[in-house]
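A.B. asks: I have a structure I would like to understand better, so I am pasting it below and will then ask my questions one at a time.
The values are calculated or read from the model by the stated rules, or taken from the named source; none is laboratory data. On a predicted model such as this, the values are computed, not experimentally measured, just so you know. Positions of Cβ are backbone-derived with ideal geometry, glycine not excepted, and every protein chain shown enters the neighbour counts. Only protein heavy atoms, including side chains, enter the accessible area calculation; ligands, DNA and RNA are left aside. Shrake-Rupley method; radii C 1.70, N 1.55, O 1.52, S 1.80 Å.
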Amino acid sequence: MKKIWIIVSIIAALLICAFLYLKIRKSKDFEPLIKAKLQQLVKDASDSLYVLKMDKIEVDVLNSKAVISNARLLIDSARLKVLTAEGKAPVDVYKISFSNLNIDGLNIDDFLSKKDINLDVLTIKNPVFEIYHPVGKDSVVYKDTATLYSRVQKSLGHFHLKNLAILNMNFIYHHVEHEQKSTAFNNVSMKFRDIEIDSLTQYDTTRFLYAKDALIYLYDYSFHTPDSLYIAKADSLTLHAAQRMLDIKGLYLEPRGNKEEFSKKLRYYKDRYDIKFESASF
């Protein structure tokens, strides 16, 4: 009986040591390996056009969680020059940065040693997404027919994510030839469900960006009409991407200025409208 208690005590001590090791060490052992794999996936997926930088990755092995801090997706200018010279540069290039990315359901062993990756929830907070258009002025636009999966299949066999949430995103569109024409959208949020990337879904036209369903939210949106006579406003816009439907709450079309100011902008008489809708769907 005494020997059994000794064995049990040894096993318990080993389990406690393993628990403390995983709890204390966390990302110190896994951070370089995770960084390397993520950076390789980005490199493969973008034909080496983009570089992924990260300040820190904290891994909680016991709870299958990870937090990535201050990540940036940057353009490799040298690679862009090569693609431009070959006539293979894309029309648009992107820069993405975010302060915080949370991953739930991360199995470290599977992520580092297997080609199949399955995650539960991925949450990105406060990202800044920038598009630069156009990259070049060539009259012939290069059309890249390679799918995302075809680029990453050497290092990724199957990827599945149950839910992706992008919160409070600032979106900026830069017109390279006309800097004054840059457009910005603030406080954009997105939710994607059932994202699956593999040999079958790469050609699935029923999915939106590999997701079975996607919702895009935009709050307090407004713009001037092309004739600058009105301001169109919406309290919120919700795009159901998979169903190709748009729900609008609090839609307003308001004239700019009072009646006298409005009339001065006209070359000939026009009716002046002031329209409000509680909700609308398209």
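A.B. asks: State which residue is most open to solvent (accessible area, probe 1.4 Å) when the search covers only region 195-217 and only residues that are of a type outside the set (Val, Ile, Thr) and in a strand (DSSP E or B).
C.D. replies: My answer is LYS212.
A.B. asks: Take the residues in region 77-128 that are among the hydrophobic types (A, V, I, L, M, F, W, C) and farther than 27 Å from ILE57 by Cα, then tell me which one is most open to solvent (accessible area, probe 1.4 Å).
C.D. replies: Result: ALA85.
A.B. asks: Only residues that are without any contact (Cβ under 8 Å) to a residue 60 or more places away in the chain and either among the aromatic types (Phe, Trp, Tyr) or over 19 Å from ARG244 (Cβ atoms) (or both): list them for region 196-214, please.
C.D. replies: GLU196, ILE197, ASP198, SER199, LEU200, GLN202, TYR203, PHE208
A.B. asks: I'd like to check something: does region 74-89 contain any residue that is farther than 16 Å from PHE111 by Cα, at pLDDT 85 or above, part of a helix (DSSP H, G or I) and among the acidic types (Asp, Glu)?
C.D. replies: No, region 74-89 contains no residue that is farther than 16 Å from PHE111 by Cα, at pLDDT 85 or above, part of a helix (DSSP H, G or I) and among the acidic types (Asp, Glu).
A.B. asks: Okay, next question. Filter region 31-54 down to the residues that are charged (D, E, K, R), surrounded by 15 or more Cβ atoms within 10 Å (Cβ to Cβ) and in contact with a strand residue (DSSP E or B) (Cβ under 9 Å, 6 or more places away or on another chain), then identify the one that is nearest to GLY157 (Cα to Cα).
C.D. replies: Ranking the qualifying residues of region 31-54, first place goes to LYS43.
A.B. asks: Hey, does region 144-155 have a residue that's farther than 24 Å from ALA211 by Cα and of a type in the set (Gly, Ala, Ser)?
C.D. replies: no
A.B. asks: Continuing with this model, one more query. Taking region 223-242 as the region of interest, how many residues are over 16 Å from SER189 (Cα atoms), in a strand (DSSP E or B) and either in contact with a Phe, Trp or Tyr (Cβ under 8 Å, 6 or more places away or on another chain) or at pLDDT 80 or above (or both)?
C.D. replies: Total meeting the criteria: 5.
A.B. asks: Shifting gears a bit: So LYS249 fits all but one of (1) of a type outside the set (Phe, Trp, Tyr); (2) open to solvent by less than 70 Å² (accessible area, probe 1.4 Å); (3) part of a strand (DSSP E or B); what number is the exception?
C.D. replies: (2)
A.B. asks: Please determine whether any residue of region 179-188 is among the acidic types (Asp, Glu), assigned to a loop (DSSP other than H, G, I, E, B) and more than 15 Å from the chain's Cα centre (by Cα).
C.D. replies: No, region 179-188 contains no residue that is among the acidic types (Asp, Glu), assigned to a loop (DSSP other than H, G, I, E, B) and more than 15 Å from the chain's Cα centre (by Cα).
A.B. asks: Can you pull out the residues in region 55-76 that are open to solvent by less than 40 Å² (accessible area, probe 1.4 Å) and under 18 Å from GLU130 (Cβ atoms)?
C.D. replies: ALA71, LEU73, listed by residue number.
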